[in-house]
Each structure stands twice: as structure tokens, then as C-alpha cells.
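Before any comments, here is the structure.
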Amino acid sequence: MHSEPAERTPEGARGRRLVAALLAALFVLHQDVWFWRDSRLVFGLPVGLTYHVAFCVAVTLVLVLAVRWGWPREVPTGGGREGLD
Amino acid sequence: MTLAVVAVYLLTLVVIGAASARLAQRTSEDFFIAARSLGPVLLLTSLLGAHMTAFSLLGASAESYQRGIGVFALMASSSALVAPLVFLYLGTRVWALARRHGFLTQVEYFRERWGSEALAHLLFAALLVLLVPYLLLGVKGGGLTLAEVSDGALPEWLASLITAGVVLGYVALGGMRGTAWVNAFQTVLFVALGAVLFGVIVGDLGGLPAVFARLAVDRPALLVRGDLIRPLELLSYAAIPLSVAMFPHMFLTWLTAKSGAAFRLSVVAYPLCVAAIWLPSVLLGVMAAVDLPGLSGPATSSVLMRMLRAHAPGVLGSVLAGGVFAAVMASIDSQVLALSTMFTRDVVGRWRLRRGRPFAERSQVVVGRLFVAIVLVAAWGLSLVADRSLFRIGVWAFTGFAGLLPLLLAALFWRRSTAAGGIASIVTTLGTWAWFLSRGWKDPGYTVGGTGLMPVVVVLAASTLAMVVGSLASPAPPRDRVERFLSARRA
């Protein structure tokens, strides 16, 4: 691990809470009942499809934060430079 | 011409398997989990190859053909959210424990965690039963693709047999190392060719606006979820991707990571990769509804290949067909390898250990190869008689694996959990899964009580309850065993 793991600092604790809140929001946003019968085309696709593609992009952005702040404490990262660090 | 291209492609897979065997160290750890050596990119392509199956291509397009764009929300975006979280919060922990304790299989982990041979044997039997429909999906999907590619020159039974034979070739030769390299090749090939495939077909149909204009007139219901998908169905489908936590092949793939950091790329990139694979499949399925109308039942499973044949003939079509075939085959290899690993180590290996004749490293690999052959022949035999749609076969397989999730959660996080709780959870999962399967097999649109609720929710709830009641009703586990597996959490 690095000398001062991000998750053990006050900033890390705030980050973990933010990640938890964003993940909870994503679970709610996945249930998009608001586009259920809407067939408008947005960016060339039916809005119900465009929304869920955008949802996948949003998940990726939240996961970047989750990897940064929500990494399991007991899992060593190996100290290498693999991945996105 | 098409068959020649596919033949070259299949031969390439076997050559990659053989070449990677030359790199191998001839130990069971290398054959089964590539000596825990995969970096971020190979780990990502291995996970994708193992997870994105005939279900994601042939099954997704077939289901979209009948139920429209909502299929993307049902399986793709829910998997994009759930699967990487499973990798991040469960997969990395399993990897760390495996590294510390040296285990190679799922069964080995649960046996050591709760100290129970009975639980280990029961779990192996349950995983074998649940993996059968999943393997069937791959062999049948591969056969279907190859039969379509050959324009009927190869009957489906022979095409499925060829699929199983090629997988046997490169898995037996290269083990996990070979499988990882073949998966990387297949995933790159499919992602590259998938984009071309989609562009060629859409271009031939006059472009996306023209297709959607036709759909708006002829099949407007497919452009919305409307009455084809119910809100409770969307909600309960989100539990199905939890199955990735207990797929033996995903579990095995987690162990191949060379470091915890190798998981980062897989976690972050997974949602985009899932979307990139599912979006063309869903769109092509919906487009086929107006381009190739009139298909129903299991016949819809070949809709993607029919679109390809109709709009991308000649050499280009052959190469693109090879890409589809690549993705369809990519999961079978890791599934049979995972099963053979568990059979070799947890069934035959334990039996020999009890008789005082432990396995030599070389013998383990030989037995592993033999078991791969047996499993593939059995899957091929079943593919000849199963006539369900690929999507439905997949959903049933995932439902069973999702039901086993409480086992992993309890093993990782619950100090009071016991082997009795684990056994109760497995038995309950198998019982409820079989009961729902018997009711739903004949009815493709089956939901619990016709409410839209998917059986996975009931199976998962019953399995969780069994885990809790079974554990609390049995004596607390020995403290030293709990400390061995959970102490790191308090570090």
C-alpha cells in the first residue's frame, strides 16, 4: 500500500460516504419509470435507450471514485502501477 | 469461403492455446489459474470473455426482437452497475484471501472457511447442476452461429460438436493461460468487428433514422418499454447480475490477477465494455423485427446471424461471422476449466488424499483435461435436445447462481455464519430454483404470480433466510477458523 492510504484520511472518509451516496442514487436512477412510454429520439436513439447508455457512462464515472475512495481496506493493491493509478 | 474463414479462425484459437502452453510451468497452479499472473488488460478481457456470452449477443438480439429496446435496461445497464461492484467489493477480497491461503477453487475456499467436507461436496454438485444450462447456452449458441454461417452446409449438431471440439483443444493444451490469451484475442476481435458489423448492417438498411422511422410505423411498441416490460420486472432483473459473484469461471478468473491493483481497470472499464457489446445486439434485434418479421420462439435466437447473412454477404460477412462466433465461444472455455479445476482438486484430489495417495502435479493436469472432455461431450449431448431460447436458458442459469450469493457474503463478512447455514442455503437455492424452473420452463414469460417479479428475488430471499436460520441454529464456529479468514478485515 502507499504510505498514507486515501481511505484512512478524513478526506477518504468523506469520499467513501460520497461514493455510497452516488451508488445508492444510481440504483434509484436505473428504474427510469419516467421514460417508460416515451419514444422520442435523442442523439439518434429512442430516449429510453439513450438514457441507459448514458447511465453506463455515469456508472463508470462513479466507479472511478469508488476505486479511489472505496477500495476494500484489507485488499493490498500490490504497490504496482497497474490499473488506473 | 465463409467456412474457410471460420476454419482459419478456429485453427488460430488452437494455435494460441498451444503457444501459451509453451510458456506454462506445467504446474496445476499455472494450468488452472495461470500462476496468478494476469495484469489489468488480460484480466479485463478474461472477465469480459467469460461473462459476455451467446446470451449477450444471440440471446440479447433475440429478446430485443420480441420485446424491444427495454432489454438493454433489463440486463445490460443493470450488469454495468452490479458486476463491477461485485468485482470491487467481493472479487478483490476473494483474490486477497486466495493469495494468502493458496486456494485455487471456489469449493476449496468454502470448505476451508467453514471446515466442512459435506458443504464442499454439496457445493460442487450445485455448481455442476447450475452450470449445465450455462454451458448448454454456449455450445448451442456456437452451433447455431456456425450452422448459420455455413448456410446449412453444417447441421446444427455437427456445428455444436465442432464448437465443443475447438474449446477442448485450446483449453486442454493451454489451461487458464491459453484461455486468457484466446479470450483476449476473441474479445478484441469481436469488439473491433462488432462495430464494423453494426455499421455495415445499419448502412445497408439506410441508416438509423430510416430504420427508426420504419419501426415507428410498423412496430412502435419496440421503441419503448410500454407494456412489453413491467416496472417490477425491471426492478427484479437487477438481482440477476448478482450471479457473477458465484459463477465458478468468474471466481477462477479473479484468482488469476497478479495484484489487487489489476482489478482497477476491470472495475472502471466494465460498464462501458458491457454497453459497447449490448447496444449493437439490442439495436440489431429491434431492427430485425421490421427487416425479418415473422420469427418466433427459439428460432429468434439466430436473428443476429440472419441479419448478418442478409446485409453483409461475401468475405466481409465471413469475417464478421467469425467475430460473432468468437464472442459466443469465449465463455465456454473458462466454464469448463473452472469445473475441471474443482473436480480435479476438490473431488478426485480430496479422495486420493484421504486414501493416502496425494496427486502429483502432472496427474492433476491430466485429470483436469479428461474432465474438460467429459463435460464438453455432456454439454453437446444436452444441446441436441434442449429447444428453449438462449435468453431464457441464460436467465434460468443466472437465477440459480444469484441464489448462492448469501454463501459468499456470509463467508466474507459474517463471523457467526456456519457450515450448517451454508448447507441450508445451498439446499434452499437448489430447491426453489428447481421449483420455479419446473413452472417457468414451458412459459417463456413466467414471473412470480404473473406480477412481473422475477423468481430470482424469491430464490435469493429464501436462500438468505436459510443461511441466517441455519447458522444461528447451529453451534458457533471455532474462533481460530473465523480469525484466520476474517481477521484481516480489522487490520
*Going through the stretch B:227-238 one residue at a time, which ones are of a type outside the set (S, T, N, Q), buried (at least 22 other Cβ atoms within 10 Å of the Cβ) and more than 9 Å from chain A (Cβ to nearest Cβ)?*
B:TYR237
_What are the pairs with Cβ atoms under 6 angstrom where one residue, in the stretch B:470-483, is under 16 Å from B:LEU119 (Cβ atoms) and without any contact (Cβ under 8 Å) to a residue 60 or more places away in the chain and the other, located anywhere, is assigned to a helix (DSSP H, G or I) and not β-branched (Val, Ile, Thr)? Sequence gap at least six, or different chains._
B:GLY470/B:ALA420; B:GLY470/B:GLY421; B:GLY470/B:ALA424; B:SER474/B:ALA420
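Could you say which residue among B:LEU88, B:LEU97, B:LEU81 is within 14 Å of chain A (Cβ to nearest Cβ), touching a His at 6+ places or on another chain (Cβ under 7 Å) and either outside any helix (DSSP H, G or I) or not small (Gly, Ala, Ser) (or both)? Step through it out loud before you land on a result.
Values: B:LEU88 fails: touching a His at 6+ places or on another chain (Cβ under 7 Å); B:LEU97 fails: touching a His at 6+ places or on another chain (Cβ under 7 Å).
The conditions single out B:LEU81.
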*asked:* Against the condition aliphatic (A, V, I, L, M), within 21 Å of the chain's Cα centre (by Cα), surrounded by fewer than 19 Cβ atoms within 10 Å (Cβ to Cβ) and modelled with pLDDT of 85 or more, how does B:VAL129 come out, does it pass?
replied: yes
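Quick check on this structure: which one of B:ALA245, B:ALA262 is more than 10 Å from chain A (Cβ to nearest Cβ), surrounded by 20 or more Cβ atoms within 10 Å (Cβ to Cβ) and at pLDDT 90 or above? Please lay out each step first, then the result.
On the way: B:ALA262 fails: more than 10 Å from chain A (Cβ to nearest Cβ).
Of the residues listed, the single one that is more than 10 Å from chain A (Cβ to nearest Cβ), surrounded by 20 or more Cβ atoms within 10 Å (Cβ to Cβ) and at pLDDT 90 or above is B:ALA245.
How many residues are of a type in the set (Phe, Trp, Tyr), in a helix (DSSP H, G or I) and within 7 Å of chain B (Cβ to nearest Cβ) if we restrict to the stretch A:33-71? Steps first, answer last, please.
Of the residues in the stretch A:33-71, the ones of a type in the set (Phe, Trp, Tyr) are A:34-36, A:43, A:51, A:55, A:69, A:71.
When the remaining residues are screened for being in a helix (DSSP H, G or I), the result is A:34-35, A:51, A:55, A:69.
Still in the running and within 7 Å of chain B (Cβ to nearest Cβ): A:55.
Total satisfying the criteria: 1.
How about the stretch B:208-226: which of its residues are among the aliphatic types (A, V, I, L, M) and more than 10 Å from chain A (Cβ to nearest Cβ)?
Taking the stretch B:208-226 first, the residues among the aliphatic types (A, V, I, L, M) are B:208, B:210-211, B:213, B:215-217, B:221-224.
Residues satisfying the conditions are B:ALA210, B:VAL211, B:VAL217.
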*Boolean, B:ALA125 is free of Cβ contacts under 8 Å to residues at least 60 places away in the same chain and in a helix (DSSP H, G or I)*: yes
*Go through the stretch B:316-352 and give me each residue that's hydrophobic (A, V, I, L, M, F, W, C), at pLDDT 80 or above and surrounded by fewer than 24 Cβ atoms within 10 Å (Cβ to Cβ).*
B:PHE343, B:VAL347, B:VAL348, B:TRP351
*For B:GLY285, are the conditions met, namely being surrounded by fewer than 23 Cβ atoms within 10 Å (Cβ to Cβ) and not charged (D, E, K, R)?*
no
*Here are some conditions: (1) assigned to a helix (DSSP H, G or I); (2) more than 7 Å from chain A (Cβ to nearest Cβ); (3) surrounded by fewer than 24 Cβ atoms within 10 Å (Cβ to Cβ). B:PHE103 meets all but one. Which one does it not meet?*
(1)
_Criterion (facing chain A (nearest Cβ under 8 Å), β-branched (Val, Ile, Thr) and over 22 Å from B:PHE185 (Cα atoms)) met by exactly one of B:VAL268, B:VAL282, B:VAL274, B:VAL303_ = B:VAL282
*Pairs with Cβ under 7 Å, 6+ apart, first in the stretch A:61-77 and under 15 Å from A:THR9 (Cα atoms), second charged (D, E, K, R)*: A:TRP69/A:GLU7; A:TRP69/A:ARG16; A:GLY70/A:ARG16; A:TRP71/A:GLU7; A:PRO72/B:ARG93; A:ARG73/A:GLU7
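Do we have B:LEU390 as in contact with a Ser or Thr (Cβ under 6 Å, 6 or more places away or on another chain) and closer than 30 Å to B:LEU234 by Cα here? Give the derivation first.
Working: in contact with a Ser or Thr (Cβ under 6 Å, 6 or more places away or on another chain): yes; closer than 30 Å to B:LEU234 by Cα: yes.
It is true that B:LEU390 is in contact with a Ser or Thr (Cβ under 6 Å, 6 or more places away or on another chain) and closer than 30 Å to B:LEU234 by Cα.
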*Which of (1) out of contact with any Ser or Thr (no Cβ under 9 Å at 6 or more places or on another chain); (2) under 30 Å from B:MET305 (Cβ atoms); (3) away from chain A (no Cβ under 14 Å) does B:LEU123 not meet, given it meets every other one?*
(2)
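In the stretch B:461-491, what residues are under 29 Å from B:ARG99 (Cβ atoms) and crowded, with 17+ Cβ neighbours inside 10 Å? Write out each step before concluding.
Filtering the stretch B:461-491 for residues under 29 Å from B:ARG99 (Cβ atoms) gives B:463-464, B:467, B:471, B:476-491.
B:SER463, B:THR464, B:MET467, B:SER471, B:PRO477, B:VAL482, B:PHE485, B:LEU486, B:ALA488 - these are the residues of the stretch B:461-491 that are under 29 Å from B:ARG99 (Cβ atoms) and crowded, with 17+ Cβ neighbours inside 10 Å.
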*Among the residues of the stretch B:172-207, how many are touching a residue at least 12 places away in the same chain (Cβ under 8 Å), in a helix (DSSP H, G or I) and farther than 23 Å from B:THR45 by Cβ?*
4
_Just to verify a result, which residue in the stretch B:265-281, among those that are among the β-branched types (Val, Ile, Thr) and modelled with pLDDT under 95, is farthest from A:THR60 (Cα to Cα)?_
B:ILE277
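The values are calculated or read from the model by the stated rules, or taken from the named source; none is laboratory data. Computed from a prediction, not measured in an experiment: that's the story for all the values here. Here the Cβ is made from the backbone with ideal geometry for all residues, glycine too, and neighbour counts use every protein chain on show.
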